[in-house]
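> Below is a structure I'd like to ask you about.
Nothing in this text is a laboratory measurement; each read-out follows from the coordinates by a stated rule. Everything numeric in this text was worked out from a predicted model, so none of it was measured. Because the Cβ atoms are built from the backbone with ideal geometry, glycine has one as well, and the counts that use them run over all protein chains shown.
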Amino acid sequence: MTDGIIVRVLGDYGPFSRIGKSIGYQVTIGQSTFLVDCGSPLFQQIGGHAMKFIKGLLITHCHDDHKRWFSDLALFNRYAPDISRKVALFTSEEINDGLRKGALPSLSTSLSADSRQIIDIPYDDYVDFNVIGPRAKYHIVNKHSMDGSSYLYVADRGGNPVGPERAKIVINERSRNPRLLFKDPDYDEWIEPESFYGFSSRHFYEQDHNIYRDDEGFTIEAIKAPVWHGVPGIGLRFSTAEEALVFSADTAHDIDLWQRLHGEKRTPARPLSGREFESARVIHGDINDYIERIWSEERYREAVNSFADAVVIHDVSSPNSVVHTDYCSLHRTVLRKDRTILTHSPDRMTSAWVLSQAGKHFKIRNNGFTELVDDMSYAINADIYHKEQGRFYVGFKNPEGAVGVYERNGLLSIDGDSTPERGDLIFRVDLYEDLAGGYYPKLDDEKGVYSERKDGKVELVEITAEGSAGRVVKSCRDGLPTARHD
């Protein structure tokens with residue numbers, strides 16, 4: 001039996017952060033360790049030796065802040081002298097296709113073993129691809145003729161062409177990106193199937209969900225319905241006999257939005273005449289001129305139920321981010337505050353929900369979570385969490401506290417934050433800087449700063465006109481209302 005799920009946060013800042021590190025997690029269940037995304041600097045944080053013990057890499061989508069080190073990891077596995085296996089990759093067919101295309105310039109050629117020739121190397125020589133999630137029944141085929149010409153058509157998995165009454169290809173003239181248009185038999189409407197259907201659909205996806213089943217008794221399942229990010233993406237659900245952990249991946253999670261996506265029947269612009277449209281196999285234009293509905297009701301219901309009985313690691317962003325969940329719209333999600341850890345946050349953020357931070361270790365046990373610090377397990381129940389300039393703070397309510405917490409239009413800020421027009425004071429707190437899970441009173445004097453030493457101890461470095469001097473200080477976390485669970 002496994003003893004919960006351990007999550008080490010390798011990186012959790014947004015894609016345009018000054019702090020860097022992007023997105024990455026290390027998930028350990030029993031003796032099995034997986035990486036979820038690889039946007040953070042893996043070799044700096046894990047080290048080449050420890051890479052040998054990674055059982056697999058899971059990728060949620062192809063934005064660089066989530067897969068930036070993918071090619072380097074593939075090259076490392078091929079050329080490191082003490083590793084003799086490919087990268088074990090677990091993701092969907094669509095995402096694997098994107099990774100293959102993106103890695104082509106760096107992986108497709110190299111030198112022979114004697115360095116005397118330039119050789120071609122197939123992607124599959126680097127990557128052991130394991131599909132999770134069901135395979136699509138239909139896809140776009142690029143057929144190459146003997147004379148060098150090519151053409152596109154839609155085929156089923158057996159390679160049989162699909163007629164224009166059921167499926168079409170729409171090519172955007174500016175991006176040259178072909179997308180699939182499909183006639184849904186239930187709605188009798190034209191839709192984009194990759195967007196319209198969740199993985200439960202039998203119209204577009206095969207029945208086998210290709211769930212990974214580990215020898216230690218846990219499973220990893222791909223989820224798609226709640227992932228609304230623009231590019232093809234999946235979420236991930238880790239399940240043991242007692243726990244469930246969901247990485248929701250990047251998504252615009254908003255129930256009001258989701259209801260509009262499945263509930264609104266659109267009137268397509270369709271520049272073509274009815275007869276031209278019905279007979280066309282390939283259309284040049286904007287696919288949104290032909291789509292009649294964005295989501296199915298089935299996808300909506302699947303999305304709403306995706307987080308049931310699970311701890312969720314979920315992206316969050318500033319207002320109007322478009323492709324992420326705005327902090328001020330968290331009340332319009334189905335997430336539970338006591339079971340959610342927010343990640344992917346901007347450089348400066350104040351939150352009443354638990355924030356992740358690079359370097360933290362969380363333990364998921366019985367569908368709750370604690371923080372692991374020096375092999376001790378702590379409840380995480382501060383009243384406020386704050387990130388700024390690479391530093392992380394927690395606050396506990398105190399009417400006489402030195403720091404005020406303010407709210408404006410659903411966003412929070414604290415005293416000293418440079419956010420303009422900070423809004424109404426909602427409570428005051430005692431604020432502590434979090435260093436490696438230890439809590440230290442926030443310094444109000446610019447003449448001092450906390451510094452974490454290589455031995456794990458924390459020094460208060462005081463700066464004077466004559467120089468600086470440091471002294472070791474102890475965490476006061478055990479004395480605060482954050483009950484420790486040994």
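> Computed over the Cα atoms, what is the radius of gyration of segment 384-485 divided by 2.2 N^0.38 Å, N being its residue count?
Compactness ratio reported: 1.19.
> For the chain, what is the largest minus smallest coordinate of the Cα atoms on each principal axis, given in angstrom and ordered from greatest to least?
Projected onto its principal axes, the Cα set of the chain covers 80, 63, 48 Å.
> From the Cα trace of segment 311-453, what convex hull volume per residue do you get, rounded to a whole Å³?
122
> For segment 1-150, with only Lys/Arg (+1) and Asp/Glu (-1) charged at the beta-carbon, what is the dipole magnitude about the Cα centre, in debye rounded to 20?
So the dipole magnitude of segment 1-150 works out to roughly 140 debye.
> Which trypsin sites (Lys or Arg not before Pro) does segment 92-141 hold that lie in a coil by DSSP with at most 10 other beta carbons within 10 Å?
ARG116
> If I take R0 = 22 Å and measure r between the Cβ atoms of LEU75 and PHE53 in this structure, what FRET efficiency does the formula 1/(1 + (r/R0)^6) give, to the nearest 0.05?
0.70
> Across segment 104-113, in residue order, what do the Karplus-derived ³J(HN,Hα) couplings come to in whole Hz, using 6.51 cos²θ - 1.76 cosθ + 1.60 with θ = phi - 60° and x for Gly and Pro?
Coupling constants for segment 104-113: 3, x, 9, 10, 6, 9, 7, 9, 5, 4 Hz.
> When the Kirkwood radius is taken over all Cα pairs of segment 293-390, what Stokes-Einstein diffusion coefficient follows at 20 °C and 1.002 mPa s, in µm²/s?
Here the translational diffusion coefficient equals 144 µm²/s.
> Moving to a separate point now. List the aspartates and glutamates whose Cα lies under 18 Å from the Cα of LYS86, skipping any in the same chain that are fewer than 8 positions away.
Those aspartates and glutamates meeting the cut-off are ASP37, ASP72, ASP97, ASP120, ASP124, ASP125, ASP128.
> On to the next question. Identify all lysines with a Cα-Cα distance to LYS265 below 16 Å; exclude those on the same chain that are fewer than 8 residues away in sequence.
Within the straight-line limit of under 16 Å, LYS265 reaches these lysines: LYS183.
> Setting aside same-chain residues fewer than 8 positions from LYS363, which lysines have a Cα under 21 Å from its Cα?
Within reach: LYS55, LYS337.
> Still on this structure, please answer the following. Read phi for every residue in segment 161-176 and hand back ³J(HN,Hα) as whole Hz from Karplus 6.51 cos²θ - 1.76 cosθ + 1.60, θ = phi - 60°, with x for Gly and Pro.
x, 10, x, x, 6, 10, 8, 9, 10, 10, 10, 6, 5, 7, 8, 6
> Would you be so kind as to identify which of PHE90, MET146, GLY390 lies farthest towards the positive end of the dipole of the chain, taking Lys and Arg as +1 and Asp and Glu as -1 on Cβ and the Cα centre as origin?
The residue sitting most towards the positive pole is MET146.
> Counting only DSSP beta bridges with both residues in segment 25-127, tell me the antiparallel percent, nearest 5.
Here the share of antiparallel DSSP bridges comes out near 55 percent.
> Stokes-Einstein at 25 °C, 0.890 mPa s, Kirkwood radius from Cα pairs: D for segment 45-163 in µm² s⁻¹?
Reported coefficient: 148 µm²/s.
> If you build the convex hull over the alpha carbons only and average its shadow over all orientations, what do you get for segment 1-106? Give it in nm² to one decimal.
Averaging across all directions leaves 7.4 nm² for the Cα convex hull.
> Something else about it: Quick check for me: using +1 on Lys/Arg Cβ and -1 on Asp/Glu Cβ, what's the dipole size of the chain about its Cα centre, in debye to the nearest 20?
The calculated dipole for the chain is roughly 660 debye.
> In addition: Would you kindly give the portion of the calculated P(r) for segment 214-298 that falls above 19 Å, as a percent of all Cα pairs?
59
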